[in-house]
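Peer 1: One structure, pasted below without further comment.
The values are calculated or read from the model by the stated rules, or taken from the named source; none is laboratory data. Keep in mind that this is a model prediction, so the values were computed, not measured. Because the Cβ atoms are built from the backbone with ideal geometry, glycine has one as well, and the counts that use them run over all protein chains shown. For accessibility, only protein heavy atoms count, side chains too; no ligands or nucleic acids. Shrake-Rupley method; radii C 1.70, N 1.55, O 1.52, S 1.80 Å.
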Amino acid sequence: KGISYDGVFSLTKVKDIAYLVNHLDLEEYLMSVLRYESIPGWPDEIQKALCIAVRSYAISKILEQREQRERNRATYPYDIKNTNA
């Protein structure tokens, strides 16, 4: 349908569940979130604050998953889920 995606996809199986994971660089992830979660007319300072918040959240989730993997407790083959939960 003409939709393009940044990054690289991988298909991974964990405990009989298949996951299609989109791997993005942090900066690509930030740009995609900002593209859909901000309003272009917002002042620059609000855009900057949103970028800092998104980057902080992403790094926190990446480190959390890294710790889980090191302890062999990771249950998902991704760091951040595509959700607003």
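Peer 1: Right, Lys61: out of contact with any helix residue (DSSP H, G or I) (no Cβ under 8 Å at 6 or more places or on another chain) and without any contact (Cβ under 8 Å) to a residue 12 or more places away in the chain or not?
Peer 2: Considered against the rule, which asks whether it is out of contact with any helix residue (DSSP H, G or I) (no Cβ under 8 Å at 6 or more places or on another chain) and without any contact (Cβ under 8 Å) to a residue 12 or more places away in the chain, Lys61 comes out as no.
Peer 1: Among (1) open to solvent by less than 80 Å² (accessible area, probe 1.4 Å); (2) at pLDDT below 90; (3) not hydroxyl-bearing (Ser, Thr, Tyr), there is one condition Pro40 misses while meeting the rest; what is its number?
Peer 2: (1)
Peer 1: Sticking with this one: From the list Leu34, Leu30, Leu20, which residue is surrounded by fewer than 12 Cβ atoms within 10 Å (Cβ to Cβ), of a type in the set (A, V, I, L, M, F, W, C) and not in a loop (DSSP other than H, G, I, E, B)?
Peer 2: Every option except Leu20 fails the conditions.
Peer 1: Tell me, please, whether a residue that is in contact with an Asp or Glu (Cβ under 8 Å, 6 or more places away or on another chain) and hydroxyl-bearing (Ser, Thr, Tyr) can be found in region 19-27.
Peer 2: no
Peer 1: Only one of these is part of a loop (DSSP other than H, G, I, E, B) and either in contact (Cβ under 8 Å) with a residue 60 or more places away in the chain or out of contact with any Cys (no Cβ under 7 Å at 6 or more places or on another chain) (or both): Lys1, Lys48. Name it.
Peer 2: After applying the criteria, what remains is Lys1.
Peer 1: Moving on to the next point. Out of the residues in region 51-85 meeting the condition of being part of a loop (DSSP other than H, G, I, E, B) and of a type in the set (D, E, K, R), tell me which one is surrounded by the most Cβ atoms within 10 Å (Cβ to Cβ).
Peer 2: Checked region 51-85; the qualifying residue surrounded by the most Cβ atoms within 10 Å (Cβ to Cβ) is Asp79.
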